[in-house]
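Undergrad: I have a structure I would like to understand better, so I am pasting it below and will then ask my questions one at a time.
Bear in mind that the values in this text are calculations on the coordinates, not laboratory data. Everything numeric here is computed off the predicted structure, so don't read it as measured data. Cβ coordinates were reconstructed from backbone atoms using ideal geometry, including for glycine residues, and neighbour counts include every protein chain displayed.
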């Protein structure tokens, strides 16, 4: 393991040639340690098992990290061909229990493990070649090829940790111990914990734009808060301390739990933390690949809901207000303890970066000023739901890394764990999980009488998403392209055989809601979860809120209530999913009606889409295409244009080119016509596009 230990890369300083080799080594070690993690599985058969019923089988994650690289390099046009389109579809999406993730195993015909390993080998060669040949200038910026390379590396390091949690949930007889480094062997009684003061201070959160370390989009921006003085525990809460809560029947006392927490506890019938085992009167602890007698002086690993119940139990017992720290308080504690950032370590100052153990260790082992484990050992739950700082911007190559978690349901964890490496081990790291999820995470207590204020934006502030909401759901229905297109479709499609619909560019969902009353089932797909989470909110909560630019620095606050639009009829028939229209999963087939609204010009290869779309329609099914034919504006490679150029010396319009491509399987059903599509940028800056709409019937 020692030979695989690395620190994150400085992307600003150094010699470009030396930096290229440094990044190559960082990539190779990341790849190797990820594969070493899976040597703990007893056999390849275990790859087809789930560690958690809300996650995919383990094989998905073996393929996912390699596919992520290829998909992002392809999207960024750093490479121009795929390796295995089917793999790059099935291993692309589905790592969280979001409603648009497809975790239905009936939809997957998982390949052999050997095939996935072969894919990984081929992917590694391609990625290595990109690292050796792509232009490299320092500092590396967001728009540079090497930022995408670092994105892939840091993404794989995230999954090193999350996959270890899944392996930890497998039956013990499906794993093999001793394959992944050395666990800590120091155990004993829990130390006596105490509360120590942390002086208040003004805190500025947010990573500077020109910081030398790679960062995810949610790390950047600015947020300031005056943190009042507080007291917090010297140690993380230990297993020994948490046992008192268990013995006091804390899991059976509804009054100690939040409503969400008690619902989880009832569903799981939990009586102790997930990784605890009770054998007779003795407690044991499940590690990733083995069980050991309970180390009472190690940190208690729980989800947020359990940590919060413990806080409430402590409050009820002592009459003082206990809670978890906020994100700003954690940063204040780290600042107070003068914790160095990763590049400044000679050796990791805590149980982090796999530099010490491949397990937790005693809570009183790594001292940091007057406190212990401010970083490392296990992550620390906070009271703070994740949201973006002011100035937050998504990265165009991974536009749904963060925003799907800005839903008030994902709480931040801070400080890293024993297996946190790379970006996860940096000061600015911001990761968040659903409150019932398990990571290698525990908690420390804060005692404070200062009222808890949670910063959680209820309004969507992502400019592109908010403008889409306004375009589709704003008050001016005369400009609503989706409404007009739906009306045209419903005038034409009146036959009862049209039951199932595939909407291939749903955006924020208006077209799907317009059509829902008239069809049996609508599958509405978008390539970005940033957009589809808004119609899902409409579907589930009945409303959504967003902020759009008015003029200058002025903004407008909007709220859309679904029932007030008259489009709540049939909403339960819509299934919103995330996928790539140019590389759809096989399950999206046998539709009576497929609608491709303004999607051709967003695809990498419109020709490929047009050649294959008939495979997803029923006989006599209908395909509706709306397009601006603006191939050049979206940087589609010239050889992938359906038309809009001279062929054999004569002009070939896009419509004619599309007709040629569709002719083997389709007949033009209706005279093409134009619809105006209005794109709002601000109240006084509106762009109109002319879309040609064509109807095609599949030949029997």
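Undergrad: Sort 249, 484 so the one with the fewest other Cβ atoms within 10 Å of its own Cβ comes first. Don't skip to the answer; put the middle values down first.
TA: Details: 249 11, 484 18.
Sorted ascending by nearby Cβ count, the order is 249, 484.
Undergrad: Then there is this: Only Cα pairs under 8 Å and at least 6 apart count here; give the relative contact order of the chain as a rounded whole percent. Mind showing how you got there, number by number?
TA: Values: 1345 pairs, mean separation 80.4, N = 700.
After rounding, I find 11 percent.
Undergrad: In deg cm²/dmol and to the nearest 500, what is the mean residue ellipticity at 222 nm of the chain if only DSSP H runs of at least 4 residues count, each as -39500 (n - 2.57), divided by the residue total?
TA: On the way: 16 runs with 195 residues, N = 700.
So the helix-based figure for the chain works out to -8500 deg cm²/dmol.
Undergrad: Moving on to the next point. Could you order peptides 178-188, 663-673, 399-409 by the average number of other Cβ atoms within 10 Å of their residues, highest first? Intermediate results must be reported in sequence, preceding the final value.
TA: Numbers: 178-188: 15.3, 663-673: 13.5, 399-409: 19.5.
The peptides rank, most packed first, as 399-409, 178-188, 663-673.
Undergrad: Give, to the nearest whole percent, the P(r) tail of region 354-415 beyond 18 angstrom, counting all Cα pairs.
TA: It works out to 55 percent of all Cα pairs.
Undergrad: If you scale each eigenvalue of the Cα gyration tensor by 5 and take the root, what three semi-axes come out for region 354-463, rounded to whole angstrom and sorted largest first?
TA: On the way: eigenvalues 149, 67, 28 Å².
Ellipsoid half-lengths, sorted descending, are 27, 18, 12 Å.
Undergrad: Please grab the % of Cα pairs in region 1-59 that end up more than 15 Å from each other.
TA: 62
Undergrad: Another one. Can you work out the base-10 log of I(q)/I(0) for region 608-700 at q = 0.15, 0.18, 0.19, 0.20 1/Å, using the Debye formula on its C-alpha atoms alone?
TA: Relative scattering, expressed as log10 I(q)/I(0), comes to -0.68, -0.91, -0.98, -1.05.
Undergrad: Which Rg and Dmax, in Å, describe the Cα atoms of region 520-644?
TA: 17.4, 53
Undergrad: Also, I was wondering about something else. Rounded to the nearest whole Å³, what is the per residue volume of the convex hull around the Cα atoms of region 463-698? Working shown, then result.
TA: Details: hull volume 29.7 nm³, N = 236.
Cα-based convex hull of region 463-698, divided per residue, equals 126 Å³.
Undergrad: Given a Förster distance of 51 Å, report the FRET efficiency between residue 335 and residue 686 from their Cβ-Cβ distance, rounded to the nearest 0.05.
TA: Values: r = 46 Å, r/R0 = 0.91.
That gives a FRET efficiency of 0.65.
Undergrad: Which whole-angstrom value gives the distance between the alpha carbon centres of region 109-139 and region 472-533?
TA: 38
Undergrad: Could you list 676, 463, 149, 375 in order of exposure, starting from the residue whose Cβ has the fewest other Cβ atoms within 10 Å?
TA: 676, 463, 149, 375
Undergrad: What is the fewest-to-most order of 42, 279 by other Cβ atoms lying within 10 Å of their Cβ?
TA: Working: 42 14, 279 9.
With the sparsest Cβ surroundings first, the list reads 279, 42.
Undergrad: For helix 16-37, report the angle its Cα long axis makes with the longest principal axis of the Cα atoms of the chain; keep it between 0 and 90° and round to the nearest 10°.
TA: Tilt relative to the chain: about 80 degrees.
Undergrad: Kirkwood Rh over Cα pairs of region 2-174 into Stokes-Einstein at 20 °C, 1.002 mPa s: D in µm²/s? Walk me through the intermediate numbers first.
TA: Values: Rh = 17.0 Å.
D, rounded to a whole number, is 126 µm²/s.
Undergrad: Tell me, how many Å apart are the Cα centres for region 219-289 and for region 632-679?
TA: If you average the Cα positions of each part, the centres end up 59 Å apart.
Undergrad: Further question: Angle, helix 259-268 long axis vs. longest principal axis of the chain, Cα atoms, 0 to 90°, nearest 10?
TA: Approximately 90 degrees, to the nearest ten.
Undergrad: Could you check what % of the DSSP bridge pairs in region 463-698 are antiparallel, to the nearest 5?
TA: Working: 29 of 47 bridges.
Of those bridges, close to 60 percent are antiparallel.
Undergrad: Throw me the Rg/Rh for region 214-281, computed over C-alpha atoms with Kirkwood Rh, two decimals. Before the final figure, lay out each step's value.
TA: Details: Rg = 18.0 Å, Rh = 15.9 Å.
That ratio is 1.13, to two decimals.
Undergrad: Right, next: Could you bin all the Cα-Cα distances of region 173-255 into 10 Å bins starting at 0 and give me the percent of pairs in each, rounded to whole numbers?
TA: Spelled out per bin, shortest first, that is 12, 19, 24, 33, 13, 0.
Undergrad: When DSSP assigns beta bridges and you keep just the ones with both residues in the chain, what percent turn out antiparallel, to the nearest 5? Mind dumping the intermediate values first?
TA: Details: 63 of 85 bridges.
Looking only at bridges with both residues in the chain, the antiparallel portion is about 75 percent.
Undergrad: Calculate the translational D of the chain in whole µm² s⁻¹ from Stokes-Einstein, where the hydrodynamic radius comes from the Kirkwood formula applied to all Cα pairs, the temperature is 20 °C and the viscosity 1.002 mPa s. Walk me through the numbers on the way to the answer.
TA: Details: Rh = 27.3 Å.
Stokes-Einstein gives a translational diffusion coefficient of 78 µm²/s.
Undergrad: Once each part is reduced to its C-alpha centroid, what is the distance from region 391-438 to region 8-53 in angstrom?
TA: When both Cα centres are located, 19 Å separates them.
Undergrad: Which value, in nm² and rounded to one decimal, describes the direction-averaged projected area of the C-alpha convex hull of region 288-392?
TA: Its average projected convex-hull area is 9.3 nm².
Undergrad: Treating the angle as unsigned and between 0 and 90°, give the value, to the nearest 10°, between the Cα long axis of helix 481-492 and the longest Cα principal axis of the chain.
TA: Helix 481-492 sits at roughly 50 degrees to that axis.
Undergrad: Considering all projection directions equally, how large on average is the shadow of the alpha-carbon convex hull of region 1-100, in square nanometres? List each step's numbers first, then the result.
TA: Working: hull surface 35.9 nm².
Result: a mean projected hull area of 9.0 nm².
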